[in-house]
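Before we start, here is the structure in question, set down as structure tokens.
The values are calculated or read from the model by the stated rules, or taken from the named source; none is laboratory data. Just so it is clear, the structure is predicted and the values come from calculations on it, not from any experiment. Because the Cβ atoms are built from the backbone with ideal geometry, glycine has one as well, and the counts that use them run over all protein chains shown. SASA here: full protein model, heavy atoms, side chains in, ligands and nucleic acids out. Shrake-Rupley method; radii C 1.70, N 1.55, O 1.52, S 1.80 Å.
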Amino acid sequence: MKEYIINKNTLVVIPIDDKSSRVVEVKKELIVYKSVLNIIKKSCIYYGSSYNGRVCGSKYMLNKSSKIPIIISEINNLILFPTKSPRNKKCCWLLLSNIKHYNKIDINQTIIRFSCGKSMKFGVSYRIIDNQVLQSSRLKYILDKKT
């Protein structure tokens with residue numbers, strides 16, 4: 001697949017290499033021949049803004065500058081957060097609204113259960129996932145208060 005737009009069925013976007021990504025949705029998985037950031041940037045444009053604009057807005061609202069969640073679409077409640085620095089080649093992006101809960105496996109592994117019933121392991125500490133979910137929820141709260 002050459003193009004992909006993040007939507008309400010997206011669970012996670014996972015890098016394969018510099019030029020391709022694996023997208024896990026509620027009912028299917030896709031290989032997209034674009035980088036994770038390219039998919040996110042294209043999705044931001046599709047919903048009417050730029051990636052840089054979304055990042056700038058999130059930095060302002062959260063008063064935070066690293067590993068910030070971004071709003072892909074306010075109307076569709078699409079808020080993504082990174083598991084690592086977006087510059088890291090192993091950074092995955094998860095859609096907040098599809099996460100049901102998450103548990104610690106060990107010091108550097110967390111299992112995330114999605115509302116559709118799927119589960120996935122991530123090589124990231126529970127603390128990091130918990131912080132990212134909290135920041136994303138905070139971003140949603142701030143946005144909801146403004147609208």
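Counting alpha carbon pairs within less than 8 Å and at least 6 residues apart, what relative contact order, in whole percent, applies to the chain?
Computed value for the chain: 19 percent relative contact order.
Apply the Karplus curve 6.51 cos²θ - 1.76 cosθ + 1.60, θ = phi - 60°, to the phi angles in region 109-122 and return the couplings in whole Hz, x for Gly and Pro.
9, 10, 9, 10, 9, 9, 4, 7, x, 6, 10, 9, 8, 10
At 222 nm, what helix-only mean residue ellipticity would the chain give, in deg cm²/dmol to the nearest 500, using -39500 (n - 2.57) for each DSSP H run of four or more?
-10000 deg cm²/dmol
Right, here's the next one. What part of the accessible area of region 38-141, given as a whole %, is carbon or sulfur when the probe is 1.4 angstrom?
49 percent
I've got another one for you. If one computes P(r) from the Cα atoms of the chain, what percent of pairs lie at distances over 23 Å?
29 percent
What are the ³J(HN,Hα) values, in whole Hz, obtained from phi via the Karplus relation 6.51 cos²θ - 1.76 cosθ + 1.60 with θ = phi - 60°, for each residue of region 12-28 in sequence order, with x given for Gly and Pro?
7, 10, 10, x, 9, 8, 5, 10, 8, 9, 10, 10, 9, 10, 3, 10, 7
Further question on the same structure: Using amide H atoms built in the peptide plane, which far-off residues or other-chain residues are under 5 Å from residue 84 H to H?
Result for residue 84 returns 92.
Ok, one more. Report the residues of region 115-142 in range of a label on residue 60: point 7 Å along Cα→C-beta, backbone N strictly under 16 Å from it.
139-140, 142
Can you give me the relative contact order of region 1-82 as a percent, contacts being Cα pairs under 8 Å and 6 or more apart?
23 percent
Right, here's the next one. Under the Kirkwood approximation applied to all pairs of distinct alpha-carbon atoms, what is the hydrodynamic radius of region 22-91 in Å?
Roughly 12.9 Å, rounded to one decimal.
Can you tell me the accessible area per residue over region 62-147, all protein chains present, probe 1.4 angstrom, in square angstrom?
Per residue, region 62-147 has an accessible area of 55 Å².
Search the structure for amide H atoms under 5 Å from the amide H of residue 78, placed 1.01 Å from N in the peptide plane, and list their residues when 5 or more places away or on another chain.
Under 5 Å from the amide H of residue 78 lie the amide H atoms of 72, 73, each far enough along the sequence or on another chain.
While we're on this one: Gap in Å between the Cα centre of region 94-147 and the Cα centre of region 1-16?
One Cα centre to the other: 17 Å.
Can you give me the long-range amide H partners of residue 25? Hydrogens built in the peptide plane at 1.01 Å from N, cutoff under 5 Å, separation of 5 or more residues or another chain.
Under 5 Å from the amide H of residue 25: 11, 30.
So, one more: Calculate, for residue 46 and residue 143, the FRET efficiency according to 1/(1 + (r/R0)^6) with r their C-beta to C-beta distance and R0 25 Å; round to the nearest 0.05.
0.85
Moving to a separate point now. Using 20 Å as the cut-off for backbone N distance, which residues of region 109-147 belong to the label zone defined by a point 7 Å from the Cα of residue 28 along Cα→Cβ?
115-119
Determine ³J(HN,Hα), in whole Hz, for all residues of region 125-142 in sequence, where each value follows from phi through the Karplus function 6.51 cos²θ - 1.76 cosθ + 1.60 and θ = phi - 60°; x replaces Gly and Pro.
Karplus values, whole Hz, x for Gly and Pro: 5, 4, 4, 5, 4, 4, 5, 5, 5, 5, 5, 5, 5, 5, 4, 4, 4, 4.
How many lysine pairs in region 60-132, separated by 8 or more positions in sequence or lying on different chains, have Cα atoms less than 22 Å apart?
21
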